[in-house]
Amino acid sequence: MRKFSKYLNHIFMKLLLAAVFSCVTLFVVAQGNITVTGVVKSKESNQPISNVTISIGKNETGVTTSNENGEFTISVPANTVLTFSYAGYEKQKVNLNGRTKLDITLAVKDGGMEQVVVQGFQKDKNSSAQDPVLQSVARIFRMFLHPM
């Protein structure tokens, strides 16, 4: 009888777990994501702008960028805010309100770019700190592989 009880308990737990996963799936699907497409252009030249950063919501997460033709595609909740930003241009926030097609024009910032931060990286070999450690490790491996 105990084995049968354990078996029923096991089956019940599996069914409960399946029901929880089903509810979570329905909740995620019910969020109502839409696919938004569009083009980002410069207000002054009416030319497409590539590599414009497109972020989602107030926290500006879920980032994507426009391609070389200024085109973008992003999947977002229907009533979210998209933020479009690019160096040297004014940041623009757009409330979707269910729209799936956007034509965005970014205006150049007054005064141009005042600050640009450039970071460079250089690979530096620090042999004085690494060599003794590597030599010690090599000696230990040799001792295990070829005991005296």
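Taking θ as phi - 60° and the Karplus parameters 6.51, -1.76 and 1.60, the scalar couplings of segment 38-54 work out to x, 10, 10, 10, 7, 5, 6, 9, 6, 9, x, 10, 8, 6, 6, 7, 10 Hz in sequence order, x denoting glycine and proline.
Rounded to the nearest whole Hz, the Karplus-based 3J(HN,Hα) values (6.51 cos²θ - 1.76 cosθ + 1.60, θ = phi - 60°) of segment 96-107 follow the sequence 5, 6, x, 5, 10, 10, 10, 10, 9, 10, 9, 8, with x at glycine and proline. Summing charges over neighbours of residue 78, with a neighbour being any other residue whose Cβ is under 15 Å away from its Cβ, gives +2 when K and R count +1 and D and E count -1. Residues whose amide H lies under 5 Å from that of residue 71, counting only those 5 or more places away or on a different chain, are 40; hydrogens are built 1.01 Å from N in the peptide plane.
Values quoted throughout were computed directly from the atomic coordinates according to the rules given, and no laboratory measurement underlies them. Note that this is a predicted model, so its numbers are computed, not measured. So basically every Cβ, Gly included, is an ideal-geometry build from the backbone, and we count neighbours across all protein chains shown.
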